[in-house]
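Notes follow once the structure below has been shown.
The values are calculated or read from the model by the stated rules, or taken from the named source; none is laboratory data. In this text, all values refer to a predicted model and were calculated from it rather than measured experimentally. With ideal geometry, Cβ positions are generated from the backbone for all residues, glycine too; neighbour counts draw on all protein chains shown. The protein model used for the area step is the full one, side chains on, heavy atoms only, and it has no ligands, DNA or RNA in it. Shrake-Rupley method; radii C 1.70, N 1.55, O 1.52, S 1.80 Å.
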Amino acid sequence: MSAEPRINDRIRVPEVRLVGPSGEQVGIVPLAKALELAQEYDLDLVEVAATARPPVCKLMDYGKFKYESAMKAREARKNQAHTVIKEMKLRPKIDPHDYDTKKGHVVRFLKQGDKVKITIMFRGREQSRPELGFRLLQRLASDVEELGFIESNPKQDGRNMIMVLGPHKKKTEAMAEAREAQAARKAERQGPTPDAEPEGDTAEAPAAAAEAPAETPSEA
(Lines give C-alpha, C1' and ligand atoms only; values in the text may rest on other atoms or scores of the structure.)
Protein backbone atom coordinates (compact mmCIF):
# COMPACT_ATOMS: atom_id res chain seq x y z
CA MET A 1 0.00 0.00 0.00
CA SER A 2 1.20 3.50 -0.78
CA ALA A 3 2.09 5.80 2.11
CA GLU A 4 0.94 8.76 0.05
CA PRO A 5 -2.41 10.26 1.16
CA ARG A 6 -5.28 10.34 -1.28
CA ILE A 7 -5.81 13.72 -2.92
CA ASN A 8 -8.50 15.34 -5.08
CA ASP A 9 -10.27 12.85 -7.39
CA ARG A 10 -8.60 9.87 -5.69
CA ILE A 11 -10.77 10.46 -2.61
CA ARG A 12 -13.77 8.12 -2.85
CA VAL A 13 -16.23 8.97 -0.07
CA PRO A 14 -19.59 10.74 -0.15
CA GLU A 15 -18.64 13.41 2.39
CA VAL A 16 -15.61 14.67 4.33
CA ARG A 17 -14.85 16.71 7.43
CA LEU A 18 -13.17 19.71 5.83
CA VAL A 19 -10.35 21.82 7.26
CA GLY A 20 -9.64 25.13 5.55
CA PRO A 21 -6.27 26.45 4.29
CA SER A 22 -5.53 28.24 7.59
CA GLY A 23 -6.59 25.31 9.78
CA GLU A 24 -10.12 26.54 10.35
CA GLN A 25 -12.87 23.95 10.74
CA VAL A 26 -15.32 24.15 7.84
CA GLY A 27 -17.36 21.15 8.93
CA ILE A 28 -18.82 18.09 7.22
CA VAL A 29 -19.47 18.79 3.56
CA PRO A 30 -20.20 16.66 0.47
CA LEU A 31 -17.07 15.58 -1.41
CA ALA A 32 -18.22 17.51 -4.50
CA LYS A 33 -18.43 20.71 -2.46
CA ALA A 34 -14.95 20.13 -0.97
CA LEU A 35 -13.48 19.61 -4.45
CA GLU A 36 -15.24 22.74 -5.66
CA LEU A 37 -13.69 24.77 -2.82
CA ALA A 38 -10.26 23.32 -3.58
CA GLN A 39 -10.59 24.45 -7.19
CA GLU A 40 -11.82 27.87 -6.07
CA TYR A 41 -8.78 28.38 -3.79
CA ASP A 42 -6.44 26.82 -6.38
CA LEU A 43 -5.39 24.22 -3.81
CA ASP A 44 -5.53 20.45 -3.38
CA LEU A 45 -7.97 18.47 -1.29
CA VAL A 46 -5.79 16.16 0.82
CA GLU A 47 -7.07 13.32 2.99
CA VAL A 48 -5.20 13.73 6.31
CA ALA A 49 -7.15 11.26 8.48
CA ALA A 50 -8.46 8.42 6.35
CA THR A 51 -9.72 6.30 9.29
CA ALA A 52 -11.95 9.02 10.73
CA ARG A 53 -15.67 8.87 10.06
CA PRO A 54 -16.09 10.80 7.88
CA PRO A 55 -12.46 11.14 6.70
CA VAL A 56 -10.77 14.45 7.50
CA CYS A 57 -9.52 16.40 4.49
CA LYS A 58 -7.62 19.66 4.30
CA LEU A 59 -7.22 22.30 1.62
CA MET A 60 -3.51 22.82 0.94
CA ASP A 61 -0.80 23.17 -1.68
CA TYR A 62 0.21 19.51 -1.71
CA GLY A 63 3.36 20.02 -3.75
CA LYS A 64 4.64 22.65 -1.30
CA PHE A 65 3.63 20.44 1.62
CA LYS A 66 5.63 17.49 0.26
CA TYR A 67 8.69 19.67 -0.34
CA GLU A 68 8.63 21.16 3.16
CA SER A 69 8.13 17.72 4.71
CA ALA A 70 11.12 16.36 2.78
CA MET A 71 13.28 19.28 3.94
CA LYS A 72 12.28 18.74 7.58
CA ALA A 73 13.04 15.02 7.34
CA ARG A 74 16.41 15.78 5.76
CA GLU A 75 17.29 18.25 8.52
CA ALA A 76 16.21 15.74 11.18
CA ARG A 77 18.47 13.07 9.65
CA LYS A 78 21.32 15.56 9.48
CA ASN A 79 21.03 16.38 13.18
CA GLN A 80 20.35 12.83 14.28
CA ALA A 81 22.94 11.57 16.75
CA HIS A 82 24.34 8.12 16.02
CA THR A 83 26.30 6.67 18.92
CA VAL A 84 29.52 5.27 17.54
CA ILE A 85 31.97 3.05 19.41
CA LYS A 86 35.54 3.65 18.34
CA GLU A 87 38.28 1.19 19.25
CA MET A 88 41.84 1.85 20.35
CA LYS A 89 44.34 -0.98 20.90
CA LEU A 90 47.38 -0.69 23.15
CA ARG A 91 50.17 -2.96 24.37
CA PRO A 92 50.87 -3.19 28.11
CA LYS A 93 54.47 -1.98 27.63
CA ILE A 94 53.68 0.83 25.20
CA ASP A 95 56.38 3.49 24.84
CA PRO A 96 55.62 7.09 25.87
CA HIS A 97 55.45 8.47 22.31
CA ASP A 98 52.98 5.82 21.15
CA TYR A 99 50.94 6.33 24.31
CA ASP A 100 50.64 10.06 23.65
CA THR A 101 49.58 9.37 20.06
CA LYS A 102 46.93 6.85 21.12
CA LYS A 103 45.71 9.16 23.87
CA GLY A 104 45.34 11.94 21.29
CA HIS A 105 43.03 9.74 19.23
CA VAL A 106 40.96 8.90 22.31
CA VAL A 107 40.67 12.61 23.14
CA ARG A 108 39.48 13.35 19.60
CA PHE A 109 36.87 10.58 19.71
CA LEU A 110 35.50 11.74 23.07
CA LYS A 111 35.33 15.34 21.86
CA GLN A 112 33.22 14.11 18.93
CA GLY A 113 30.80 12.55 21.42
CA ASP A 114 31.77 8.94 20.60
CA LYS A 115 32.39 6.07 22.97
CA VAL A 116 35.83 4.48 22.94
CA LYS A 117 36.60 0.81 23.52
CA ILE A 118 40.16 0.48 24.84
CA THR A 119 41.75 -2.93 24.31
CA ILE A 120 45.02 -3.97 25.96
CA MET A 121 46.57 -6.86 24.01
CA PHE A 122 48.72 -9.32 25.99
CA ARG A 123 51.24 -11.56 24.31
CA GLY A 124 53.35 -14.42 25.63
CA ARG A 125 54.47 -13.90 29.20
CA GLU A 126 52.56 -10.62 29.39
CA GLN A 127 49.44 -12.67 30.06
CA SER A 128 50.75 -13.44 33.54
CA ARG A 129 50.94 -9.69 34.35
CA PRO A 130 47.34 -8.43 33.96
CA GLU A 131 48.06 -5.67 36.48
CA LEU A 132 50.17 -3.94 33.80
CA GLY A 133 47.13 -3.60 31.55
CA PHE A 134 44.90 -2.56 34.43
CA ARG A 135 47.26 0.23 35.49
CA LEU A 136 47.56 1.43 31.90
CA LEU A 137 43.80 1.63 31.51
CA GLN A 138 43.45 3.49 34.80
CA ARG A 139 46.16 5.94 33.68
CA LEU A 140 44.41 6.59 30.38
CA ALA A 141 41.04 7.09 32.06
CA SER A 142 42.64 9.57 34.45
CA ASP A 143 44.31 11.48 31.60
CA VAL A 144 41.01 12.02 29.77
CA GLU A 145 38.66 12.33 32.75
CA GLU A 146 37.68 15.88 31.72
CA LEU A 147 36.24 14.53 28.45
CA GLY A 148 35.02 11.04 29.36
CA PHE A 149 34.25 8.58 32.12
CA ILE A 150 34.64 4.83 32.61
CA GLU A 151 31.40 3.36 31.29
CA SER A 152 32.57 -0.26 31.51
CA ASN A 153 35.28 -1.16 34.02
CA PRO A 154 38.38 -3.06 32.85
CA LYS A 155 37.75 -6.77 32.46
CA GLN A 156 39.73 -9.68 31.09
CA ASP A 157 38.56 -11.12 27.77
CA GLY A 158 40.84 -14.00 26.77
CA ARG A 159 44.24 -12.51 25.95
CA ASN A 160 42.86 -8.98 26.04
CA MET A 161 41.69 -6.56 28.70
CA ILE A 162 38.86 -4.23 27.72
CA MET A 163 37.51 -0.97 29.07
CA VAL A 164 34.87 1.35 27.57
CA LEU A 165 35.02 5.14 27.96
CA GLY A 166 31.88 7.23 27.49
CA PRO A 167 31.90 10.93 26.57
CA HIS A 168 30.61 13.56 28.99
CA LYS A 169 29.34 15.52 25.97
CA LYS A 170 26.33 14.30 24.02
CA LYS A 171 26.78 13.56 20.32
CA THR A 172 24.30 16.27 19.32
CA GLU A 173 26.19 18.87 21.38
CA ALA A 174 29.50 17.83 19.83
CA MET A 175 28.03 18.10 16.34
CA ALA A 176 26.61 21.56 17.06
CA GLU A 177 29.94 22.80 18.42
CA ALA A 178 31.79 21.39 15.42
CA ARG A 179 29.46 23.26 13.04
CA GLU A 180 29.93 26.49 15.00
CA ALA A 181 33.72 26.11 14.95
CA GLN A 182 33.63 25.44 11.20
CA ALA A 183 31.53 28.56 10.61
CA ALA A 184 33.91 30.63 12.75
CA ARG A 185 36.95 29.38 10.80
CA LYS A 186 35.21 30.17 7.53
CA ALA A 187 34.38 33.71 8.67
CA GLU A 188 37.97 34.20 9.82
CA ARG A 189 39.35 33.11 6.44
CA GLN A 190 37.04 35.53 4.63
CA GLY A 191 38.40 38.43 6.70
CA PRO A 192 36.61 41.66 7.69
CA THR A 193 33.76 42.97 5.59
CA PRO A 194 34.41 45.88 3.18
CA ASP A 195 32.10 48.11 5.26
CA ALA A 196 34.21 47.70 8.40
CA GLU A 197 35.40 51.02 9.81
CA PRO A 198 39.17 51.56 9.95
CA GLU A 199 40.72 51.16 13.36
CA GLY A 200 43.25 53.24 15.25
CA ASP A 201 44.05 56.86 14.60
CA THR A 202 43.57 56.69 10.84
CA ALA A 203 39.84 57.51 11.04
CA GLU A 204 40.51 60.50 13.27
CA ALA A 205 43.38 61.90 11.18
CA PRO A 206 41.24 63.83 8.67
CA ALA A 207 39.20 65.42 11.47
CA ALA A 208 42.36 66.36 13.35
CA ALA A 209 43.87 67.89 10.23
CA ALA A 210 40.74 69.93 9.64
CA GLU A 211 40.82 71.31 13.16
CA ALA A 212 44.54 72.28 13.05
CA PRO A 213 45.00 76.08 12.66
CA ALA A 214 46.59 77.31 9.49
CA GLU A 215 50.15 78.58 9.87
CA THR A 216 50.69 82.29 9.35
CA PRO A 217 53.33 83.20 6.78
CA SER A 218 56.59 84.31 8.35
CA GLU A 219 57.69 87.89 7.86
CA ALA A 220 60.50 88.45 5.44
Under a 1.4 Å probe, counting only protein heavy atoms, Met163 has an accessible area in Å², nearest 10, of 0
Probe 1.4 Å, all chains present, heavy atoms only: Ile162 accessible area in Å², nearest 10, is 20
Cβ-placed point charges (K, R +1; D, E -1), dipole of the stretch 84-186 about Cα centre in debye, nearest 20 = 300
Selection from Leu110, Ile94, Met71 lying farthest towards where the dipole of the stretch 60-140 points positive, charges on Cβ | Ile94
Starting from the exponent 0.38 and prefactor 2.2 Å, build the expected Rg for the stretch 7-103 from its residue count and divide its actual Cα Rg by it.
-> 2.15
Total charge dipole magnitude, the stretch 29-113, about the Cα centre, Cβ charges on Lys, Arg, Asp, Glu only, Debye to nearest 20 | 860
Considering only protein heavy atoms, with the full assembly of protein chains and a 1.4 angstrom probe, order Lys115, Lys64 by accessible area, largest first.
-> Lys64, Lys115
With every protein chain in place, the accessible area of Ser22 for a 1.4 Å probe, in Å² rounded to the nearest 10, comes to 110
Per-residue accessible area, 1.4 Å probe, largest first, puts Thr119, Thr101, Thr51 in the order Thr51, Thr101, Thr119
At 20 °C in a medium of viscosity 1.002 mPa s, the stretch 112-174 has a Stokes-Einstein diffusion coefficient, with Rh taken as the Kirkwood radius over alpha carbon pairs, in µm² per second, of 174
Taking H placed 1.01 Å from N in the peptide plane, check which residues at least 5 places from Asp44 or on another chain put their amide H under 5 Å from its amide H.
-> Met60, Asp61, Tyr62
Between rounded, prolate and oblate, where does the stretch 3-54 land on the alpha carbon gyration tensor, with a ≥ b ≥ c its root eigenvalues, rounded for a/c under 1.5, else prolate if a/b exceeds b/c?
-> rounded
